[in-house]
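Structure first, then comments.
The values are calculated or read from the model by the stated rules, or taken from the named source; none is laboratory data. No experiment lies behind these values; they were computed from the predicted model shown. Cβ placement follows ideal geometry from the backbone for every residue including glycine, while neighbour counts extend to all protein chains displayed. Remember, those area values only see protein heavy atoms, side chains included, never the ligands or the DNA or RNA. Shrake-Rupley method; radii C 1.70, N 1.55, O 1.52, S 1.80 Å.
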Amino acid sequence: MSTVFAAAAALSLPISLSRPAKFNTRKGVRAGFRVFAVFGEEGGLVDKKNPWGTLFDVEDPRSKFPQCKGKFLDVNQALEVARYDIQYCDWRARQDVLTIMLLHEKVVDVLNPLARDYKSIGTVKKELAELQQELAQAHIQVHISEARVNTALDKLAHMEELVNDRLLQDRNTTESDQLCPSPSTSMQSLDTVKGKSPQKSLNVSGPVQAYPPHLKNFWYPVAFSADLKDDTMIPIDCFEEQWVIFRGKDGKPGCVRNTCAHRACPLDLGSVNEGRIQCPYHGWEYSTDGKCEKMPSTRFLNVRIKSLPCFEQEGMIWIWPGDDPPTATLPSLLPPKGFEIHAEIVMELPIEHGLLLDNLLDLAHAPFTHTSTFAKGWSVPSLVKFLTPASGLQGYWDPYPIDMEFRPPCIVLSTIGISKPGKLEGQNTRQCDTHLHQLHVCLPSSTKKTRLLYRMSLDFAPILKHIPFMQYVWRHFAEQVLNEDLRLVVGQQERMINGANVWNLPVGYDKLGVRYRLWREAVERGAKQLPYSKPM
Ligand code: FES
Ligand SMILES: [Fe+2]
């Protein structure tokens, strides 16, 4: 059993978990925790009467800190301690920001012309100099808090990794195969460890069932703006329904059923004229809200086809396929500052979007699967880990310099540190000078098809954008990489349909994929509180 030796000591950090270097053996890591509980900080600053109210009126968590001085803790207790550490950091950061805001208020007071009437210039100068000094000190404090948060998050991720590893290990010793497969994604609680809380296990097997309505109540990116001209159409399948996107007279995109109200002809075989889509069969014309505005050669009938909320933002077109009212804001998917978009590629793939997401959220397969492309020549690490806070859908891969995030409902964002194109280097993305940023949107077209939107950005070599035909080179490379995955995932899909569980035996590096499945399972059953989700 892993133990943690808790010792009382006064350090500058509220808690310090001293552990061996990151790449030590697992045995060494497991044995090496020491917990120092520290309360040497000055008291909180919160003045309850301050005008920022709830933001800063947060209870000082130190009173609730688990009493662990001098005690042995198991990993679960140590994880609890690490969580308190985060709570403390949060409280501390709020105090720091409050200090700065109060100091700014004082500066405004000093500079107030009314106050200046009864103060000499010398006094004002002196007060300002003092405040400036205090502000500089407060800014330093903020940077310290920032560093503490990073350290605390690292520790939390590490502790969580250990807890997960141990649960998986315990489970593997008692569990060799999965319980009865059911034809859908479901959760099973397996009592595997005597006296321990039950370990959750995933079951994703059988044909994918009709999509539950809750999964539709999200904004879904469906196309890149650059692909939709004033007179073109983009047909898309989304949740087993056919839609077509085109631009109205005002240039704004609209999304309507891709089925003519007259005799069900596909509208995308027609054309777009003056912001209306015209059916190629008898010429009926529809506006972007689905209203039929022209019906040649017959008496006009008041007819409408279904349309969806459709918006354009930051180079992408989004739809809301659900029945609930859409949320007011669209998420931003732009690459971070300093990156330029080099390629936008769309592919229609013969696999269910969940299987594609599982694949994209997994990096451990790279040295086995991508042996002809980006992972050519990679050695196989002795241990691959995905490090993430306990509540997060984002984190980083160890030992790869890759940050990754699952962004609900169907998006993967990743930043890859590179030094020379094609070469992975360094131990985290921040240590690399140049980066590649990837966006993968996996639109659920049907239970066996996905529309993949891929956007690639670089923070170096902007010249590549101006090389003719570069788009084709990027597309070729993206297709090569994807084909290496596809043959495997198509095989998984066949087996899944026949009853195999594609999440039969998750291990440590499967963490992000498992979290995606847990998130999706909660959405599909209509859970009020979604796991890992940030409030929108
Ligand atoms: S089927 Fe579309 S106009 Fe007749
Ligand atoms: Fe892959």
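Brief remarks on what is shown
- Size check on segment 339-524: the Cα extents along the three principal axes, sorted descending, read 49, 34, 30 Å.
- Mean projection of the Cα convex hull over all viewing directions, computed for segment 437-536: 9.6 nm².
- Residue order by solvent-accessible surface for TYR84, TYR118, TYR516, TYR211 is TYR118, TYR84, TYR211, TYR516, largest first, with ligands and nucleic acids left out and a 1.4 Å probe.
- Applying the criteria of a DSSP loop state and at most 15 other Cβ atoms within 10 Å to the trypsin sites (Lys or Arg not before Pro) of segment 197-274 yields LYS229, LYS249, ARG263.
- Of the GluC sites (Glu not before Pro) found in segment 312-416, those in coil by DSSP whose Cβ has at most 16 other Cβ atoms within 10 Å are GLU314.
- Set LYS216/LYS337; LYS64/LYS511; LYS106/LYS126; LYS337/LYS465; LYS249/LYS291; LYS216/LYS511 screened for pairs whose C-alpha atoms are more than 19 Å apart: LYS216/LYS337; LYS64/LYS511; LYS216/LYS511
- Heavy-atom accessible area per residue - segment 339-524, 1.4 Å, Å²: 41 Å²
- Applying a DSSP loop filter and a limit of 14 other Cβ atoms within 10 Å to the GluC sites (Glu not before Pro) in segment 263-298 leaves GLU274.
- On segment 339-524, 57 percent of the accessible area sits on carbon and sulfur atoms, based on a 1.4 Å probe.
- Shown are SER271, SER225, whose ranking by accessible area with a 1.4 Å probe and every protein chain present, most to least, is SER271, SER225.
- The largest accessible area among ASP85, ASP362, ASP324 belongs to the first residue in ASP324, ASP362, ASP85, and the rest follow in falling order (1.4 Å probe, all chains).
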